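Accompanying notes for the structure given below.
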Amino acid sequence: MVYTSTTRQVYEDEVITIYLDLSLSLLRLVWKQQPSSMQYRQGYRRAIVLALEHKTRYWLTDSRRILYLYQADQHWMYAKMRPLLKGGKLQRMTIVLQPETLIMTDQGPIHDRSTASFRGKKLFYLDFFLDVESALSWLQSPD
């Protein structure tokens, strides 16, 4: 992952590390190991608080160390993250996954415009990538 002189680590525990780069308005959530459901949700909650506090516009989650994710946790993310981030400045979010994990990820809520999905309400865009470089490039590309 590319780090600049303005990148700083703002949180770390046994499961996650969170970095902020204020000059890029970027939050990076890095999963260091497979989380339990509780750790997964706590990690995202902590990152949401930081994203709102620092008014970040871009968010990159590096989930390559997560080998599987329960459907309930995926749906929790879609249902709970969106309302929490509604008042923030987030424009784009990307999640970097292993190919095997991407195949098992339910992307229906993202692409279903008839529900309160991420894109359906234009709150922010969410996409998935297999490598960090492509994800960063997409985050920083003009609309």
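The values are calculated or read from the model by the stated rules, or taken from the named source; none is laboratory data. Just so it is clear, the structure is predicted and the values come from calculations on it, not from any experiment. Cβ: placed from backbone, ideal geometry, glycine included. Neighbour counts: every protein chain shown. The area values use the complete protein model at the heavy-atom level, side chains included, leaving out ligands, DNA and RNA. Shrake-Rupley method; radii C 1.70, N 1.55, O 1.52, S 1.80 Å.
Criterion applied to Tyr58, Tyr68, Tyr11 was being of a type outside the set (D, E, K, R) and buried (at least 20 other Cβ atoms within 10 Å of the Cβ), and the one residue passing it is Tyr58. Any residue in the stretch 80-89 that is under 11 Å from the mean Cα position of the chain (by Cα), assigned to a helix (DSSP H, G or I) and at pLDDT 95 or above? Scanning the stretch 80-89, I find no residue that is under 11 Å from the mean Cα position of the chain (by Cα), assigned to a helix (DSSP H, G or I) and at pLDDT 95 or above, so the answer is no. Here the condition is being modelled with pLDDT under 90 and of a type in the set (Ser, Thr, Tyr); of Tyr11, Tyr68, it holds for Tyr68 alone.
When the stretch 51-79 is filtered for residues that are in a helix (DSSP H, G or I) and among the charged types (D, E, K, R), the ones remaining, listed by number, are Glu53, Asp73.
Count of the stretch 105-143 residues, restricted to those that are assigned to a loop (DSSP other than H, G, I, E, B), at pLDDT 60 or above and either touching a Ser or Thr at 6+ places or on another chain (Cβ under 6 Å) or open to solvent by 60 Å² or more (accessible area, probe 1.4 Å) (or both), is 3.
Residue count for the stretch 16-50 satisfying the condition of being outside any strand (DSSP E or B), touching a strand residue (DSSP E or B) at 6+ places or on another chain (Cβ under 7 Å) and closer than 25 Å to Leu67 by Cα: 4.
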